[in-house]
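Chemist: Quick one: this structure, given as structure tokens, is what I'll be asking you about.
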Amino acid sequence: MADKVILYDATRCTACRGCQAACKQWNENDEYIPPPSDQRGVQAKSHGSYENPPDLSPQTWLKMRFTETENNGKVRWLFTRQACMHCTDAACVKACPNGTLYHHEFGFVAYNKDTCTGCGYCIDACPFNVPRSTRNLFTGIAKADKCTFCTTPGLDRIAEGLEPACVKTCPPKALQYGDRDALVAEGRKRVQTLVAKGYTNAYLYGEHELDGLHVIYVLDDTPEAYGLPVDPKVPATTIAWKDVIQPVGWALGGLTILGLGLNFLIARESKIKKEQPAKKEEPAEKEK
Amino acid sequence: MTNHWGDIANSDVVMALGGNPAENHPAAFGHITIAKDRGAKLISVDPRFTRTSAKADVYAPIRSGTDVALVGGMIKFVLDDIEANPANYNMVYITEYTNAAYLVNPGFRGPAELDGLFSGYAGALNETDGAKRKYDKATWGYQVDENGVPRKDKTLADSNCVFQILKRQYARYTPEKVNSICGTPQETFLEVCRTFASTGKTGKAGVILYAMGTTQHTNGAENIRAYSILQLLLANMGVSGGGIDAMRGESNVQGSTDFGLLFDSIPGYLGMFTDADVSLQKYLERVTPRNSDPTSANWLQNYPKYITSLLKAWYGDAASKDNDFGFHYLPKIETGKNYSWLSLFEAMGAGTIKGLMAWGQNPAVGGPNSNAERQALASLDWLVASDLWMTETMEFWKAPNVQDPSAIKTEVFVLPARSSFEKEGSVTNSSRWMQWRYKAADGPGEAEDDLWMINKLMLKLKELYTQESGPNAEAVTRMTWNYGDAPDVHKVAKEINGYDTNTGLQVDGFPNLKDDGSTACGEWVYCGSYVEPDKEPNAPVPGNRASRRDLTPDQFNVGLYPKWAWSWPVNRRIIYNRASVDLNGEPWDKEHPVIQWNPTKGETGGWDGDIVDGNYPPIAIDPVKSRYPFIMTAEGVARLFAQGMADGPMPEFYEPWETPVSANQMSDQLSNPVCKVWRPEEHGSVDKFPIVGTTYRVCEHWQAGQLTRNLPWLIEMQPEPFVEMSEELAAEKGIANGDKVIVESARGQVKMAAMVTKRFKPFQMNGRKVHEVGLLWHWGYSGLSKGDSANLLTPHIGDANTMIPEYKAFLVDVRKA
Amino acid sequence: MEQEVERYRKPTRILHWVHAGAFTILFLTGLILFIPALGFLAQDSWTRLIHRIAAALFIIAPLIYIPLNWKATLRGVKDAFSWGMDDVGWLMAAPRYYFLADEEAMPPQDHMNSGQKMWWLLVIVFSGVFIITGLIMWAFKTVAPAALLEWMVLIHDIAFIVTGAMFFVHIYLSVIHPLMRPLRTGAWSSMARGKVSAHYACSHHAKWYERISKGEEIEHQ
């Protein structure tokens, strides 16, 4: 398969957030300071967590999540990356009305920001709640953004044969970029090593989900522990909208127009036929 | 570091103690990743569960300031285990390469007998008279034979031998004691011991990674000594995957200490000149270590060569045999006087010091007791500060508690500086690797690099002193200073390396330095870094070994990369590496050798692998020519027992100056008996301040924040300072996560966001519960992101040996704002 | 000059045209999201603004009309929900009537024939559906749960398809179908000028024409 993936090993990740900064720096995304800002200038508020900014945004395509857990007195601090998973069976690609979101030849989900209408259907459909949009609530003018797998036009690292910026930066070697088959095999091996070490819930996330994600996670615990959805699916409404309603709509519209065209031809014929005998009779009536 | 970053990948156990590499050295964590891939275990010992702990196999909590107790407990574990299972340890290493067998003066008494003190103390227990807080070390010396050679008992049985003294000292450091002092659960503590002690086996190696958590205490230096003892007993020094690795906090701070930026040393860790040194000869007599043991190399006996060469570098033709090589030009410090950071700021506050130059330094945020230090700045006549952005130090009159800025008379000069990519030069990292860097861009506006600034300053000073004279004028006027008007950093680097004063050719290695004035050298340990071009023709800058970027692996493939940059001394990558071989020169660890004796090399044999630490044959092969492996000590072996320390030849546990307990569980000596107490009136009592406070960093910000708090992407990640506390403490105080709280100490108070977390737990010590909180200290009142400075809380007190301030353990109280 | 009968008052006609105009704009701008090839038209999001302006009109026009014409509104709404055997009669006759132009086959119709009534009901119901789903999407896009928004999209889309198809039929029957001609006196004229010829009224809405011819008050719609 020509597909390429990122392999993210949550056990190696130290959540240094070099990836978070590198992504912004490479893609020229600004810092996003959520309101309200206090009077100390460029300032966001701490909300009692290392997880800043607290959410993805049109300018934050990648962030780390920090989860504290405690089991039998043993504290754990789980780190995981949160960004577009670049699904094979991508709900956003399905939901996108005009093909703005599409699959890159290597399998990632890329998008053409110019053609984005800002409808936001991708945001509604995404099982990982990833895309975010700038939006003028009044005019509805909006554009959506998400991780481009470093295929951002003009800043396309993949086309130049380079690895994504996040992968390049990662100091503890938690991120790797390469062929899907090789990295899935590597991921499986690492999961086995973890299981042997006693992490019985270790799991390779992204191998099968949504026909395979292009960001694969080596986890030493269940996906739920890491805040990842178990067995994510393309929403039924998206499938209904794209695979059912659209064709039905086309059919109905088409049939209607055809029907009306047919009706016109038949009705006109019939009316003409009806009027001919009347026309023949008319002169007789006029005579009366 | 005794070893280097990449060598961590060779370790079997990595212990991060008093350091948080995942947080503060993320780029280096990759080496730990490789080690773990190879099956290594990671231990994290820290007051709270950190990002490093999240990756560790074993996590042990420890109350801040109690490291000596914990490591002492580990030493006891190993000593007991050596007795029970000697096959699991390298007894030859211990007996032959350390001073375990050396006999100590029979008059020596230790804390086990003297209730916490060592013999020779001038005062009483818990002495408050500063004049009496010191030791007469007469009883700490070795017993010597008629030739002055130390006497030894290689059976380690003599009750006066270091090994037995060590056993008596640490017999008191039981797991129960460790638990009652440190708050570390016994079973967890023993797991740490077992895991790390497993590296005592021949062929296994463990490394200790540490940083400020170890050093920033009143007994910080003794913390390190405790690591040394532990690592020596485990035979982990000089071997691949072993070592004691300081993770330096700035990319070039290793370089800065190499060049004597501490008051008591001059470049190359040589002793500073004092007023007792009335001549060069007197000085050399004072500083040069004496040794009678013919098998000890006592490398520092070469002091005269390095000092003379240094003086030739500074004074050129104005330094000759006739005038004591210009020795009398040099300013001298007062004997015994303390010129450390704390004393400088006390002197500024008192008006004794009139001016300060702060180069890339932000004392208003980074120094302890911020109110006192900002007050000290306000007492100066003038202040010169150089940095990339406006810092708190540059605008100290804007500090929150300053009532009337117009009353401050200090004249402040701000010199905008260039960043590391806007200038050329070298940077020496924690691994002692000197790496040459190039200029990528010009600085903005009027920003200049430090060399340009200092060059201009010095040339102007020379001119003024020549015209107007002044105190000690010759120190400046006689100096050679030939780097050009637009100074050439290569000229500086070449002078640092050293050259033959007759031929002008670069010297290759400090063995070639002379004490007769025929060589000049700016820093002897850097000799060999910049040689003649034909000696290193393939380097990107020919002759400049620091510029090398050749990734050819070393002979034994243990990750030394001998042709990448240049490592001091003489490109040695693992120091003390002759301890990595047995008495025949065969590596202890066959799979990861550092050096190996090769009898077929050269005429009489030689060493393969790393640059050998002292080119002497193995002792079993040539007992006469050979020397002990630790050539930098006078006696030639590593010191389990170290007479040079100010507060004791062995680490003894004392509580931090501000302690939450009323009594030291180990003895009646409550806190360090030697360190200078500057402000006894500012001692916070546990009645008012019952909670242990500590300060630390986050990955996203750096030191006093003058760089990172001006970068929006980093501010976005960590927008404001916070204080981490346990859920239990938060519940007691009614504090919710994210609430603003006031943290107060005897010196000041701060307002910060609270981060309520599971990663801090109260310490259960001897039936008593003690809370600890940790504050980020990166913030101040300048820059794009502003916040309160945690150092408003920390005390003006420092280590007994190094005077480094005790930032890491003090007392506070916390309440909701 | 042939006698004329008023079918729709001015206010009603204005409402019709404003609402129809708004609907047309809404339909066309919505079509862009339905036909990928037209997607480029929405590139700079102007069409989304236009959609919202038209939506505002779509909501405001009836809101203005209703209080000023509440009698007609009540009557109209009552009509929309009145269904009975007469409508079955229309349904049975519809194929012959519309395809074979067999006017005799169609039983007499009232002010609105059953087909018109069906369209009218659709307009009332689906306008409501459009407005509710549309407003939720417009106002709560950033705060509503994704699942809710997805349902809004789906329902809005279904409404678009159904009303779209009927929209074609409505236009066709208004101006193209032979039985509703000529434009000057027929269906188009009823909404363009408000009047139709008596002949048209008699042949297409005989029941209604009979009532008003008897002198009963003209039911102004």
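Here, each number is a calculation from the coordinates, and none is a lab measurement. Predicted model, so just to flag it, every value in this text is computed and none were measured. Positions of Cβ are generated from backbone atoms using ideal geometry, with glycine treated the same way; all protein chains shown enter the neighbour counts.
Chemist: Take the alpha carbon atoms of chain B, find their radius of gyration, then divide it by 2.2 N^0.38 Å using N residues; give the quotient.
Modeler: Relative to the 2.2 N^0.38 Å estimate, chain B comes out at 0.94.
Chemist: Listed here are the pairs B:LYS167/B:LYS676; A:LYS24/A:LYS189; A:LYS74/B:LYS769; A:LYS63/A:LYS233; B:LYS354/B:LYS462; which of them are more than 27 Å apart at the Cα?
Modeler: Correct reply: B:LYS167/B:LYS676; A:LYS24/A:LYS189.
Chemist: Right, next: May I ask what percent, to the nearest 5, of DSSP beta bridges between residues of the protein assembly as shown are antiparallel?
Modeler: About 60 percent, rounded to the nearest 5.
Chemist: Right, next: Determine the calculated [θ] at 222 nm for chain A from helices alone, applying -39500 (n - 2.57) to every DSSP H run no shorter than 4 residues and normalising by the residue count; nearest 500 deg cm²/dmol.
Modeler: Per the formula, -9500 deg cm²/dmol.
Chemist: Excluding B:ASN664 itself, what net charge comes from residues whose Cβ is under 11 Å from its Cβ, given Lys and Arg +1 and Asp and Glu -1?
Modeler: That sum, taken over residues with Cβ under 11 Å, equals -3.
Chemist: Once label points are set 7 Å from the Cα along Cα→Cβ at both B:MET91 and B:LYS758, what is their separation, rounded to one decimal in nm?
Modeler: Here the modelled spin labels are 4.7 nm apart.
Chemist: I've got another one for you. Calculate the mean, over all residues of peptide C:136-149, of how many other protein chain Cβ atoms lie within 10 angstrom of the residue's Cβ.
Modeler: Across C:136-149, the average partner-chain Cβ count within 10 Å equals 4.
Chemist: Can you list which of the GluC sites (Glu not before Pro) found in region A:171-230 are DSSP loop residues with at most 14 other C-beta atoms within 10 Å?
Modeler: Loop-located and lightly packed - A:GLU224.
Chemist: Separate question: With the Cα gyration tensor of region B:27-160 giving a ≥ b ≥ c as the square roots of its eigenvalues, does the rule (a/c under 1.5 for rounded; else a/b larger than b/c for prolate; else oblate) give rounded, prolate or oblate?
Modeler: Oblate.
Chemist: Please go through region B:429-458 and write out the trypsin sites (Lys or Arg not before Pro) that DSSP classes as loop and that have at most 11 other C-beta atoms within 10 Å.
Modeler: Here no loop site has a sparse enough neighbourhood.
Chemist: Apply the Karplus parameterisation 6.51 cos²θ - 1.76 cosθ + 1.60, with θ equal to phi minus 60°, to every residue of region B:278-287 and state each ³J(HN,Hα) to the nearest whole Hz, in sequence, with x for glycine and proline.
Modeler: Ordered by residue, 3J(HN,Hα) equals 6, 8, 4, 5, 4, 4, 5, 5, 6, 8 Hz.
Chemist: Something else about it: Between region B:227-265 and region A:76-100, what is the separation of their alpha carbon centroids in Å?
Modeler: Each part reduced to its Cα centre gives a spacing of 47 Å.
Chemist: List the longest stretch of chain C that has no exposed loop site; here a site is one of the chymotrypsin sites (Phe, Trp or Tyr not before Pro) assigned by DSSP to anything other than H, G, I, E or B, with at most 15 other Cβ within 10 Å.
Modeler: That gives C:84-221 as the longest site-free run.
Chemist: Set the Förster radius R0 to 51 Å, insert the Cβ-Cβ distance between B:ASN147 and B:SER406 as r into 1/(1 + (r/R0)^6), and round the FRET efficiency to 0.05.
Modeler: That gives a FRET efficiency of 0.10.
Chemist: Now, a different point. For region B:35-125, what's the relative contact order in percent, using C-alpha pairs closer than 8 Å and at least 6 residues apart?
Modeler: 13 percent
Chemist: Moving on to the next point. So which aspartates and glutamates pass the test for A:LYS197, namely a Cα distance under 18 Å, with those fewer than 8 places away in the same chain ruled out?
Modeler: Within the straight-line cut-off, A:LYS197 pairs with A:ASP9, A:GLU186, A:ASP220, A:ASP221, B:ASP12, B:ASP37, B:ASP57, B:GLU191.
Chemist: Based on the Cβ-Cβ distance of A:GLU207 and A:ASP243, what FRET efficiency does E = 1/(1 + (r/R0)^6) give at R0 = 22 Å, to the nearest 0.05?
Modeler: 0.30
Chemist: Roughly speaking, what is the centre-to-centre gap between region B:583-624 and region B:356-409 when only Cα atoms are used, to the nearest Å?
Modeler: Value for the Cα centre distance between the two parts: 55 Å.
Chemist: Out of the GluC sites (Glu not before Pro) in region B:573-657, which ones are loop residues according to DSSP with at most 16 other C-beta atoms within 10 Å?
Modeler: In loop regions of region B:573-657 (DSSP not H, G, I, E or B), the sparsely surrounded GluC sites (Glu not before Pro) are B:GLU591, B:GLU603.
Chemist: Using a simple spin-label model with points 7 Å from Cα along the Cα→Cβ vector, what separation in nm is obtained for A:LYS273 and B:SER279?
Modeler: 14.0 nm
Chemist: Under the classification rounded if a/c is under 1.5, otherwise prolate if a/b is larger than b/c and oblate if not, where does region A:42-143 fall, given a ≥ b ≥ c as square roots of the Cα gyration tensor eigenvalues?
Modeler: Taking the square roots of the gyration eigenvalues as a ≥ b ≥ c, region A:42-143 is oblate.
Chemist: Treating cross-link reach as a plain straight distance, find the aspartates and glutamates whose alpha-carbon is under 19 Å from the alpha-carbon of B:LYS625, omitting any fewer than eight places away in the same chain.
Modeler: The qualifying aspartates and glutamates are B:GLU96, B:ASP293, B:ASP582, B:GLU586, B:GLU603, B:ASP608, B:ASP613, B:GLU635.
Chemist: Using Cα-Cα distances under 8 Å and only pairs 6 or more residues apart, what relative contact order does chain B have, in percent?
Modeler: Worked out over chain B, it gives 17 percent.
Chemist: Still on this structure, I have one more. Let me know the charge dipole size of chain B about its Cα centre in debye, to the nearest 20, where only the beta-carbon of Lys, Arg (+1) and Asp, Glu (-1) is charged.
Modeler: In total the dipole reaches around 900 debye.
Chemist: If you don't mind, another one. Quick check for you: which residues of region C:96-132 have the amide N under 13 Å from the point 7 Å beyond the Cα of A:ILE266 toward its beta carbon?
Modeler: The answer is C:96-102, whose backbone nitrogens lie closer than 13 Å to the label point.
Chemist: I've got another one for you. Each residue of region B:150-157 in turn: what ³J(HN,Hα) in whole Hz from Karplus with 6.51, -1.76, 1.60 and θ = phi - 60°, glycine and Pro shown as x?
Modeler: So the Karplus estimates, Gly and Pro as x, are x, 7, 10, 10, 6, 7, 6, 9 Hz.
Chemist: Using the Cα atoms of region A:236-283 to build a convex hull, what is its mean projected area in square nanometres?
Modeler: Its average projected convex-hull area is 3.6 nm².
Chemist: Take the alpha-carbon positions of region A:4-234, form their convex hull, and give its projected area averaged over all directions (one quarter of the hull surface) in nm².
Modeler: Reported value for the Cα convex hull: 14.0 nm².
Chemist: Can you figure out the FRET efficiency of B:LEU505 with B:ASP668, using R₀ = 51 Å and their beta-carbon distance, to the nearest 0.05?
Modeler: Calculated value: 0.25.
Chemist: Ordered by residue, what ³J(HN,Hα) values in Hz, to whole numbers, does region C:98-111 give under the Karplus form 6.51 cos²θ - 1.76 cosθ + 1.60, where θ = phi - 60° and Gly and Pro are x?
Modeler: 7, 8, 9, 6, 8, 5, 5, 5, 7, x, x, 10, 8, 3
Chemist: All other residues with a Cβ under 12 Å from the Cβ of B:THR708 taken together, and with Lys, Arg as +1 and Asp, Glu as -1, what is their net charge?
Modeler: Result for the neighbourhood of B:THR708: 0.
Chemist: Turning to a different aspect of this structure: P(r) for the protein assembly as shown, please, calculated from all Cα pair distances in 20 Å bins and given in %.
Modeler: 9, 30, 29, 14, 9, 6, 2, 0, 0
Chemist: Hey, another quick one. Which of the lysines could a cross-linker span from A:LYS274 if the Cα-Cα distance has to be under 28 Å and same-chain partners fewer than 8 positions apart are dropped?
Modeler: Output for A:LYS274: A:LYS286, A:LYS288, C:LYS117, C:LYS195, C:LYS207.
Chemist: Give the order of B:THR794, B:THR214 when sorted by the count of other beta carbons within 10 angstrom, beginning with the fewest.
Modeler: Starting with the residue having the fewest Cβ neighbours, the order is B:THR214, B:THR794.
Chemist: For chain A, what's the relative contact order in percent, using C-alpha pairs closer than 8 Å and at least 6 residues apart?
Modeler: The value is 23 percent.
Chemist: Okay, next question. Taking the alpha-carbon centroid of each part, what is the distance from region A:240-280 to region A:150-217 in angstrom?
Modeler: 56 Å
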